[in-house]
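Below is one structure, written out as structure tokens; comments come after it.
We did not get these values from a lab; they are worked out from the coordinates using the rules stated. Here the structure is a predicted model, which means the values were calculated and not measured. Counting neighbours? That spans all protein chains shown, and the Cβs are built from the backbone with ideal geometry, glycine included.
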Amino acid sequence: MQVIAGAGDFNRPVPPFRAHWTEQFRVPDLSVGTYSIPAGGMDDQEPHTEDEIYVIMAGKSGFESGGKRVEVGPGSVIFVPAREPHRFVDITEDLAALVFFGPAEGSRSVTRVVAFVTSLTDAYNDAVASGSYGRLISMFTDDAVLRFGAELTYAGRQAIAAAYAERPPDDQIELTGDPREEAGSVIAEFTWRRSKSPGTMRLAVTDDDLISEMVVSS
């Protein structure tokens, strides 16, 4: 058994972000997260490659999907088939939706390497937006090493957590191209959203899908 803490709780996005997404649980056949949009906000999500169920926990809005519109509020349950365009509209009260993906979000369209790096990117971007680094830190082994170029090195999960707490980043990233495996490492190229400058991540990943070493260069 696992109790999923925080599932369905509204989280206000940090400007300039218009919505807040947190994935709170993932196994190969299922993933669960919470999607929050403040009153008056805009939902600009794209169709997913997996089936979805939304359970509205709080708030009121319209919901458009498959050429239809319904009004939703606490207790509403909506099924959206894979690849069908959909979005929340006319949000009149802060909206929090518990979202179930079957199979896990993104797993139908990507390889294991791409899925892992996408999950890492989502965890990092969510941490920047929310200021909470628990999910990101949980993706490292206890003795992981994190390097930023040749200047900064942090050894151990606790040291990495302390580094993010003391010097929280203020820019998110977007992947450019598909991650690839090279000489036993996973290589992912990205662009910083605000500065638009390019960067590269080189990851050593265990069989348990944990990061034992990450080198970030810009």
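What the pair-distance distribution of segment 20-102 shows, using all Cα-Cα distances binned every 10 Å from zero, is 19, 57, 23, 1 percent.
The string of couplings for segment 23-39 from the Karplus curve (6.51, -1.76, 1.60, θ = phi - 60°) is 7, 10, 7, 8, 10, x, 9, 7, 9, 9, x, 10, 10, 10, 9, x, 3 Hz, one whole number per residue in order, with x for Gly and Pro. Computed from Cα positions, the angle between helix 112-130 and the longest principal axis of the chain comes to roughly 80 degrees. Computing FRET efficiency as 1/(1 + (r/R0)^6) for Asp171 and Met42, where r is the C-beta to C-beta distance and R0 is 30 Å, gives about 0.90.
So what's the angle, to the nearest 10 degrees on a 0 to 90 scale, between helix 157-166 and the longest Cα principal axis of the chain? Tilt relative to the chain: about 70 degrees. In terms of the mean number of neighbouring beta-carbon atoms within 10 Å, the peptides 111-120, 75-84 order highest first as 111-120, 75-84. Extending 7 Å from Cα along the Cβ direction at Asp143 and again at Glu181 yields two label points whose distance is 2.4 nm. Shape class for segment 110-218: rounded, because the ratio a/c of the largest to smallest gyration tensor axis (alpha-carbon atoms, square roots of eigenvalues) is under 1.5. For the chain, the Stokes-Einstein estimate of translational diffusion at 4 °C and a viscosity of 1.567 mPa s comes to 70 µm²/s, using the Kirkwood hydrodynamic radius over alpha-carbon pairs.
Grab the Cα-Cα distance for Ile4 and Phe17, subtract it from 0.36 nm times how many residues apart they are, and report the gain in nm with one decimal.
Values: separation 13, 0.36 × 13 = 4.68 nm, distance 2.47 nm.
Here the segment from Ile4 to Phe17 would lengthen by 2.2 nm.
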